[in-house]
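Asks: After the structure tokens below, expect a handful of questions from me.
The values are calculated or read from the model by the stated rules, or taken from the named source; none is laboratory data. Note that the coordinates shown come from a computational prediction; the quantities given were computed from them, not determined experimentally. Counting neighbours? That spans all protein chains shown, and the Cβs are built from the backbone with ideal geometry, glycine included.
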Amino acid sequence: MRLALGTLTATLAFGAAAPAQTPRLDDLKRRAAADVDARARFTQQMIDQIFSFGELGFQEVETSRYLIRELRRHGFRMEEGVAGIPTAWVASWGSGKPVISLGSDIDGIPQASQYPGVACRQPMVEGAPGHGEGHNSGLAVSITAALAVQAIMQRERLPGTIRIWPGVAEELVGTKAYYVRAGLFRDVDIAFFAHVDNNLSVRWGDTDATGLVSAQFTFTGRSAHSAGAPWRGRSALDAVELMNIGWNYRREHLRLQHRSHYVISSGGDQPNVVPPVASVWYYFRELDYPRIQELFALGDTIARAAATMTGTTLAPVRILGSAWPQHFNKVVAHTTYENIKQVGLPQWTEADQALARAVQRVLGVPDSGLATTLDTLRPALTEAERRGGGSDDIGDVSWTVPTVTLRFPANIPNLPGHNWSNAIAMATPIAHKGATAGAKALALTMLDFLLRPELVRQAWDYFRDVQTKTIKYEPLIRPEDRPATETNAATMDRYRPAMRAFYYNPAKHRTYLEQLGIHYPTVPGADGSCTR
Ligand SMILES: [Zn+2]
């Protein structure tokens, strides 16, 4: 029998306060938390395994194969290759409403290969990618929570469906808009995203995060001998350089909240051949859809002007990725935060703190160690408070169904992000304990939404009547765009053979640190070097 939901007091509008607990729900939450603790070894194995694969966006082949096997083993139905993306999949378990969707990113960062637990720059494979963002930990949170809740749903015969999906190529903001377009969230009631951080927290409303269009501009000119007949050539590289100069002059007159950056993805072959083809890859970031589109259109104008100046041709602009700015659901955030307070931060050991402080000192930032005070649930940012920052294509999901990102304490504070130092903690007890804390908060919150249908209704009321009252989601990808699934293939082909030697074998070694023979923590000695 379901509990008598009618007896629960109705909560205030949009979940401003919702401590509507019952003895049964309390008891199930206690059991779920204990179950998550009992799965700590499994959580650790997932984190260490994915860390050791260190795969870049769209090439998460080993990572997906491993996760699909684990989810199948636990009774999930698998749909593979979703949205035309080879490494994307959706796992489903259970039936009926509510449909709770759990996701987290799985891709790594170029040139971030790094020995875990070592507070010095020491790549495992020189030049290779690695988890310098910590995306090896998020699905460990989602899956551990899902398995704990699955056990309770089976025992208590609770209706509901759990879905799990990977954020493929998040570092390229390359897939979630395609997931939305493919209808992956069509029947979803509530979506929980999990992302590594250095505290256990949740936000609601607009955030500092930007949305973006990631676009590649390719120019075609004419090759010629650079010394013998340069007047016969038309340099595509000149067009790239003039576009960048034009953009950088215009940058002074753009809003401070905007962010834009580029890399020259192809600049010619050798100096004595006038480059016939060159490409530049831009990220255009702003705080709302119209401004993102305006910025992208400005890039297009400058690119066309550069083509005109250089006598080259601009090919149709390719969109490689996109993201909406994020807006998180107030009801889901408040409900999650009540559980975050129950769970609290992990118990850090002196070894954990010593590693954290050593890494912070190496980077020359305040050596505050790991977080020991829980973040508060801050009110939503006002428009004036939004200053811009990074992006995550979870934004597209957040404008499709009520969503929050649960941030969990698996990394060290004050790190630069997208850097080798962000990988150091990610296969150590810091990440393992942080993910377990995140999984508990998530499992408890899933139980709230499974057993209190009024919360689902209130979340949708906020979504319809507040969040999307005046702003409607329109994709930044165009109908003709396709996922850039070939990205990073050449890089992975180059490094994977050497990286294979470092894959984690949980059958032989309890932890990845043990397999690598790393003393935990390894911190710099008096001469500043680390001896493993
Ligand atoms: Zn991320």
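Asks: If you scan region 350-387, which residues turn out to be β-branched (Val, Ile, Thr) and surrounded by fewer than 15 Cβ atoms within 10 Å (Cβ to Cβ)? Let's see the steps before the verdict.
Replies: Start the filter on region 350-387 by keeping residues that are β-branched (Val, Ile, Thr), which leaves 359, 362, 365, 372-373, 376, 382.
Those that are β-branched (Val, Ile, Thr) and surrounded by fewer than 15 Cβ atoms within 10 Å (Cβ to Cβ): Thr372, Thr373, Thr376, Thr382.
Asks: To continue, here is another question. With surrounded by fewer than 16 Cβ atoms within 10 Å (Cβ to Cβ) and either modelled with pLDDT of 95 or more or touching a strand residue (DSSP E or B) at 6+ places or on another chain (Cβ under 6 Å) (or both) as the only criterion, which of Ala489, Ala484 stands out?
Replies: Ala489
Asks: With respect to Gln111, is the statement that it is assigned to a loop (DSSP other than H, G, I, E, B), in contact with a Cys (Cβ under 7 Å, 6 or more places away or on another chain) and more than 21 Å from Asp189 (Cα to Cα) true?
Replies: On the way: assigned to a loop (DSSP other than H, G, I, E, B): yes; in contact with a Cys (Cβ under 7 Å, 6 or more places away or on another chain): no; more than 21 Å from Asp189 (Cα to Cα): yes.
Judged against the criteria, Gln111 is not a match.
Asks: Go over the candidates Leu444, Leu406 one by one and state the one that is in a strand (DSSP E or B), surrounded by 16 or more Cβ atoms within 10 Å (Cβ to Cβ) and in contact (Cβ under 8 Å) with a residue 60 or more places away in the chain. Walk me through it before giving the result.
Replies: Details: Leu444 fails: in a strand (DSSP E or B).
Answer to the selection: Leu406.
Asks: If Gln122 meets every condition in (1) closer than 22 Å to Tyr512 by Cα; (2) crowded, with 24+ Cβ neighbours inside 10 Å; (3) out of contact with any strand residue (DSSP E or B) (no Cβ under 7 Å at 6 or more places or on another chain) apart from one, which number is that one?
Replies: Only one criterion in (1) closer than 22 Å to Tyr512 by Cα; (2) crowded, with 24+ Cβ neighbours inside 10 Å; (3) out of contact with any strand residue (DSSP E or B) (no Cβ under 7 Å at 6 or more places or on another chain) is unmet by Gln122, namely (2).
Asks: Select from region 171-216 the residues that are part of a helix (DSSP H, G or I) and of a type in the set (Lys, Arg) and write down the one among them that is farthest from the ligand (Cβ to nearest atom). Talk me through it step by step, then tell me what you get.
Replies: Filtering region 171-216 down to residues part of a helix (DSSP H, G or I) leaves 171-172, 176-181.
Next cut, of a type in the set (Lys, Arg) only: 176, 181.
On the way: Lys176: 12, Arg181: 21 Å.
Here the residue is Arg181.
Asks: Being within 16 Å of the ligand (Cβ to nearest atom) and either surrounded by fewer than 16 Cβ atoms within 10 Å (Cβ to Cβ) or among the small types (Gly, Ala, Ser) (or both) is the filter here; which residues of region 388-403 pass it? Talk me through it step by step, then tell me what you get.
Replies: Going through region 388-403, the residues within 16 Å of the ligand (Cβ to nearest atom) turn out to be 389-398, 403.
Passing the criteria: Gly389, Gly390, Ser391, Gly395, Ser398.
Asks: In region 154-162, is there at least one residue being away from the ligand (no atom under 16 Å from the Cβ), among the small types (Gly, Ala, Ser), touching a residue at least 24 places away in the same chain (Cβ under 8 Å) and touching a helix residue (DSSP H, G or I) at 6+ places or on another chain (Cβ under 7 Å)? Quick ask: steps written out before the conclusion?
Replies: Initial filter on region 154-162 (away from the ligand (no atom under 16 Å from the Cβ)): 154-162.
Applying the additional criterion that residues be among the small types (Gly, Ala, Ser) yields 160.
Narrowing further to those that are touching a residue at least 24 places away in the same chain (Cβ under 8 Å): 160.
From what is left, the residues that are touching a helix residue (DSSP H, G or I) at 6+ places or on another chain (Cβ under 7 Å) are 160.
Yes; the residues of region 154-162 include at least one that is away from the ligand (no atom under 16 Å from the Cβ), among the small types (Gly, Ala, Ser), touching a residue at least 24 places away in the same chain (Cβ under 8 Å) and touching a helix residue (DSSP H, G or I) at 6+ places or on another chain (Cβ under 7 Å).
Asks: For region 38-56: of the residues being not in a helix (DSSP H, G or I) and not small (Gly, Ala, Ser), which is nearest to Gly117 (Cα to Cα)? Working first, answer last.
Replies: Step one: filter region 38-56 for residues not in a helix (DSSP H, G or I), giving 39, 54-56.
Within this subset, residues satisfying the condition of being not small (Gly, Ala, Ser) are 39, 55-56.
Values: Arg39: 22, Glu55: 20, Leu56: 22 Å.
Per the criteria, the residue is Glu55.
Asks: Name the single residue, out of those in region 134-170 being of a type in the set (Gly, Ala, Ser) and part of a loop (DSSP other than H, G, I, E, B), that is farthest from Ser64 (Cα to Cα). Steps first, please.
Replies: First pass over region 134-170, keeping only residues of a type in the set (Gly, Ala, Ser): 134, 137-138, 140, 142, 145-146, 148, 151, 160, 167, 169.
Of the ones still in play, those that are also part of a loop (DSSP other than H, G, I, E, B) are 134, 137, 169.
On the way: Gly134: 16, Ser137: 14, Ala169: 12 Å.
Of everything passing the filter in region 134-170, Gly134 is farthest from Ser64 (Cα to Cα).
Asks: What residue, among those in region 93-121 that are hydroxyl-bearing (Ser, Thr, Tyr) and under 18 Å from Thr63 (Cα atoms), is farthest from the ligand (Cβ to nearest atom)? Can you show your working first?
Replies: Step one: of region 93-121, the residues hydroxyl-bearing (Ser, Thr, Tyr) are 95, 101, 104, 113, 115.
Now restrict to residues that are under 18 Å from Thr63 (Cα atoms): 104, 113.
Numbers: Ser104: 9, Ser113: 18 Å.
Restricting to residues being hydroxyl-bearing (Ser, Thr, Tyr) and under 18 Å from Thr63 (Cα atoms), the top hit is Ser113.
Asks: I would also like to ask the following. What tally of residues in region 361-385 results from selecting those that are among the basic types (Lys, Arg), under 23 Å from Trp204 (Cα atoms) and more than 24 Å from the chain's Cα centre (by Cα)?
Replies: 0
Asks: Shifting gears a bit: Pick from Ser64, Ser92: which is in a strand (DSSP E or B), under 29 Å from Ala441 (Cα atoms) and hydroxyl-bearing (Ser, Thr, Tyr)?
Replies: Working: Ser64 fails: in a strand (DSSP E or B).
Residue meeting the stated conditions: Ser92.
Asks: Kindly indicate which of Ile340, Ile245 is of a type in the set (A, V, I, L, M) and surrounded by 15 or more Cβ atoms within 10 Å (Cβ to Cβ). Spell out how you get there, then give the answer.
Replies: Values: Ile245 fails: surrounded by 15 or more Cβ atoms within 10 Å (Cβ to Cβ).
Only one candidate qualifies: Ile340.
Asks: Applying the selection to region 254-305, what residues are among the β-branched types (Val, Ile, Thr) and either part of a loop (DSSP other than H, G, I, E, B) or without any contact (Cβ under 8 Å) to a residue 40 or more places away in the chain (or both)?
Replies: Val263, Ile264, Val274, Thr301
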